[in-house]
Amino acid sequence: MRILVISDSHGRNDDVKGVLEQVGEIDMLIHCGDVERGDQYIRDIAGCPVVMVAGNNDYYLDLPSEETIEVEGYRIWVTHGHPYYVNSGVDYLREYGEMHDVDVVMYGHTHVPFIEIGDDMTILNPGSISYPRQAGRKPTFLLMEIDDMGEAHYAHGYYKEHFRELNI
Ligand SMILES: [Mn+2]
């Protein structure tokens with residue numbers, strides 16, 4: 001099971017298309033919000049089940065604010081994260097996740113790739129494929145792979161080199 005996790009494409013669906021081409025075959029696409037436009041287009045080009053949640057800029061799209069899905073025994077909670085003060089850290093996400101028996105928390109909003117692998121819970125942010133904000137500003141995504149033993153592996157990847165002025 002190979003899951004592509006992206007976030008904060010902010011309408012740059014050429015980047016969504018590009019990263020799909022770059023990573024090849026996937027079984028699921030998860031978008032952690034701030035899609036802004038073309039959500040149906042993304043579903044059409046993904047070629048697999050798509051989970052998408054609303055970000056703070058998605059008021060024109062009909063997306064759920066959060067989703068909890070079960071994938072091969074992993075309970076995955078997808079949220080954009082802005083109601084949980086993620087710009088100040090992941091404490092509120094961790095607290096909510098622990099309360100709700102979540103195995104993997106996926107969030108966005110910060111445009112900064114992040115992963116914390118704990119004993120009982122993994123918290124991760126794929127970063128942004130369109131408007132990265134971390135030092136060096138390389139656009140990032142994340143792959144979650146669940147192997148034949150049912151064990152999850154995580155890897156951030158760089159989307160093809162490009163740089164775009166941050167203007168959001
Ligand atoms: Mn956001």
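The values are calculated or read from the model by the stated rules, or taken from the named source; none is laboratory data. Owing to the predicted nature of the structure, the values given are computational and were not obtained by experimental measurement. No Cβ is skipped: glycine too gets one built from the backbone with ideal geometry, and neighbour counts run over all protein chains shown. Just the protein is used for accessible areas: all its heavy atoms, side chains included, with ligands, DNA and RNA removed. Shrake-Rupley method; radii C 1.70, N 1.55, O 1.52, S 1.80 Å.
Being of a type in the set (Ser, Thr, Tyr) and farther than 18 Å from residue 129 by Cβ: is that true of residue 107 here? It would help to see each step written out before you state the result.
Working: of a type in the set (Ser, Thr, Tyr): yes; farther than 18 Å from residue 129 by Cβ: no.
In short, no.
Among the residues of region 85-104, count how many are among the β-branched types (Val, Ile, Thr) and more than 16 Å from the ligand (Cβ to nearest atom).
Kept after step one, since they are among the β-branched types (Val, Ile, Thr), are these residues of region 85-104: 86, 90, 102, 104.
Subsequent filtering for residues that are more than 16 Å from the ligand (Cβ to nearest atom) retains 102, 104.
Residues that pass the stated criteria total 2.
Can you work out which of the residues in region 108-137 that are in a loop (DSSP other than H, G, I, E, B), among the aliphatic types (A, V, I, L, M) and open to solvent by 10 Å² or more (accessible area, probe 1.4 Å) is farthest from residue 87 (Cα to Cα)?
As a first pass, look at region 108-137 and keep what is in a loop (DSSP other than H, G, I, E, B): 108-113, 118-121, 126-137.
Those left that are additionally among the aliphatic types (A, V, I, L, M): 112, 121, 129, 135.
So of that shortlist, the ones also open to solvent by 10 Å² or more (accessible area, probe 1.4 Å) come out as 112, 121, 135.
Details: 112: 10, 121: 20, 135: 15 Å.
Applying the filter and picking the extreme gives 121.
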